[in-house]
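The values are calculated or read from the model by the stated rules, or taken from the named source; none is laboratory data. Keep in mind the model is a prediction, meaning the values are calculated, not measured. Glycine gets a Cβ as well: all are built from the backbone with ideal geometry, and neighbour counts include every protein chain shown. Note: accessible area is taken over every heavy atom of the protein model, side chains too, but ligands, DNA and RNA are not part of it. Shrake-Rupley method; radii C 1.70, N 1.55, O 1.52, S 1.80 Å.
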Amino acid sequence: MEESLVIRPATAADAPAVAALLTDFNGEPTDAAASARRMAAMEGTETVLLALRGGAAVGLCSLRVVPFLSADHPYAEVTELYVAPQHRRQGIARRLMAEAEALARAKGAPAVYLLTGFRNETAQAFYRSIGYGDYALAMRRRLV
């Protein structure tokens, strides 16, 4: 029997699980203390949603909702989406995104934005399959 999937906001107690998922996602070590510190700093602005199967964290999605100078409604952006490789293609990313969208809607955002790499065709295909489309070109300038 397949264990049910639970999606809920991460708490400080989830920092070790968040750190492990971020380490896998970014390919750079992240420790629990750093994750706890970052999650505390984001409080009220960004929410980390955890996907748990059998009590184990198998994915995460982070949603930032902030005031928007150009409008009377907030701006919502998915800043991170990751599902552990052995749990992919099981609808987890789709469920995480649905929860993020519901949270954005509840906070008054009329749309959700996200960025993904030009070469990350797998992610692009996924986002398109759930209704996202090209919107703008993101640019950056490194300061350090």
- Note on the structure: Rounded to the nearest 500, the 222 nm mean residue ellipticity computed for the chain from DSSP H runs (n ≥ 4, each -39500 (n - 2.57)) alone is -10000 deg cm²/dmol
- Query: What number comes out for the charge environment of MET39, summing +1 per Lys or Arg and -1 per Asp or Glu over other residues with Cβ under 15 Å away?
  - Reply: -1
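Calculate how many DSSP beta bridges within the chain are antiparallel, expressed in % of all such bridges and rounded to the nearest 5.
Details: 21 of 24 bridges.
If we restrict to bridges inside the chain, about 90 percent are antiparallel.
Between rounded, prolate and oblate, where does the chain land on the alpha carbon gyration tensor, with a ≥ b ≥ c its root eigenvalues, rounded for a/c under 1.5, else prolate if a/b exceeds b/c? Mind dumping the intermediate values first?
Details: a/c = 1.35, a/b = 1.24, b/c = 1.10.
Rounded is the answer for the chain, as its axis ratio a/c remains below 1.5.
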- Message: How far apart, in nanometres, would the label points at GLN124 and ALA41 be if each is projected 7 angstrom from Cα along the Cα-to-Cβ direction?
- Response: 3.1
- Message: Mean-square fluctuation check for the chain, GNM, Cα pairs under 10 Å: which of ARG89, ARG64, ARG119 is largest?
- Response: ARG119
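Give the carbon-plus-sulfur fraction of the accessible surface of the range 1-64 in %, rounded to a whole number; probe 1.4 Å, heavy atoms of protein chains only.
Working: 1860 of 3420 Å².
Taking all protein chains in place, the range 1-64 shows 54 percent carbon and sulfur surface.
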- Message: Under 8 Å for C-alpha pairs, at least 6 residues apart: give me the relative contact order for the chain, rounded to a whole percent.
- Response: 19
- Taking a probe of 1.4 Å, how large is the accessible area per residue of the range 38-84, in Å²? 46
- Task: Roll a 1.4 angstrom probe over the protein heavy atoms and tell me the percent of accessible area of the range 92-144 that is carbon or sulfur.
- Result: 53
- Item | Whole-Å distance, taken between Cα centres, linking the range 1-64 and the range 100-144 | 19
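Multiply the residue gap between ALA106 and THR11 by 0.36 nm, knock off their C-alpha separation, and tell me the result in nm, one decimal place. Could you put the intermediate results ahead of the total?
Details: separation 95, 0.36 × 95 = 34.20 nm, distance 1.98 nm.
Extra length from ALA106 to THR11 when fully extended: 32.2 nm.
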- Task: Evaluate the distance, in nm, between pseudo-label points positioned 7 Å from the Cα of MET139 and of LEU115 along their respective Cα→Cβ axes.
- Result: 1.3
